[in-house]
Amino acid sequence: MGKNTKKYIITGLMTAFVFALTFVFHIPVPYTSGYIHLGDSMIYLSVIILGPFFGAFASGIGSMLADLLAGYAHYAVPTLIIKSVMAIIMGLLLSGRTKKAAVASVLSSLAVWIAFSAGSIIYLKNQIAIIGKENLVNSLSGTDADLETIQQTSRIIDNFPVYLTAGLAVLIITLSVLSYFISKRGGNDIFNMKAIFGMSGAGMCMVIGYFIVESFMYSPIAALMSVPMNMIQFFAGVTAAGIFMPAIKKARLYADRQ
């Protein structure tokens, strides 16, 4: 089998994997009519296996098809763009040749996340001060919302700064723990530190990308309410990628990355 033929076959296979884990395992998210899923795990693995450009094709097309067939067609085009950009960003981070470049990429990702979190918290507090918490809760919950939905929305607003801070803490702890185990094994595996850093950068791109898109589709406040769920999707994707990696290695699904 020719090298290019193998790469096209693996690209098609990874596109199918991205579609399957996005379409089959998805949970609806309130406020923005979206959903979270495990498809990001296959996006991360497609970049590790195929590189940024073929990985971007598998990520964008597989995710877009899942949106179309799962009844979320309004997200199809934004998803195609965001997931493709995720793959390219991860691929660029993976291409870093030195430790200095890897450390710089991690620090940049953390800086972006801290700035985003701080800006989100300030914006939410300003909106509460302007329109009042009760009006904000009612606008997010909807006019026909039951008491449980209203209370849930109120709790999310109250705990929003905690969610973002906890997300940063979990990210740092996850990076530290994975760094320890990978360094202990020698770091020669394709699921190495650069892959972890790349997934972190791609995950932040996903969270911030959907926030921007949903701010235009709905409102910045509604988009903020989906951030905690997108963070869960990010961490679940990284964890699932680690779980699936041994099977990918055993199947020898590798191609020359470009």
Name every residue in region 227-237 that is surrounded by fewer than 22 Cβ atoms within 10 Å (Cβ to Cβ) and more than 13 Å from Leu164 (Cβ to Cβ), in order of residue number. Phe235, Ala236
Counting only residues that are assigned to a loop (DSSP other than H, G, I, E, B) and surrounded by 20 or more Cβ atoms within 10 Å (Cβ to Cβ), which one in region 27-49 is modelled with the lowest pLDDT? Tyr31
Could you please let me know if Ser84 is part of a helix (DSSP H, G or I), modelled with pLDDT of 95 or more and farther than 19 Å from Pro228 by Cβ? yes
Selected residue [surrounded by 13 or more Cβ atoms within 10 Å (Cβ to Cβ), over 19 Å from the mean Cα position of the chain (by Cα), modelled with pLDDT under 75 and in a helix (DSSP H, G or I)] from Ile182, Ile157, Ile190: Ile182
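The values are calculated or read from the model by the stated rules, or taken from the named source; none is laboratory data. Treat the numbers as computed from the prediction; the structure is a model and nothing was measured. For neighbour counting, all protein chains shown are included, and Cβ atoms are generated from backbone atoms with ideal geometry for every residue, glycine included.
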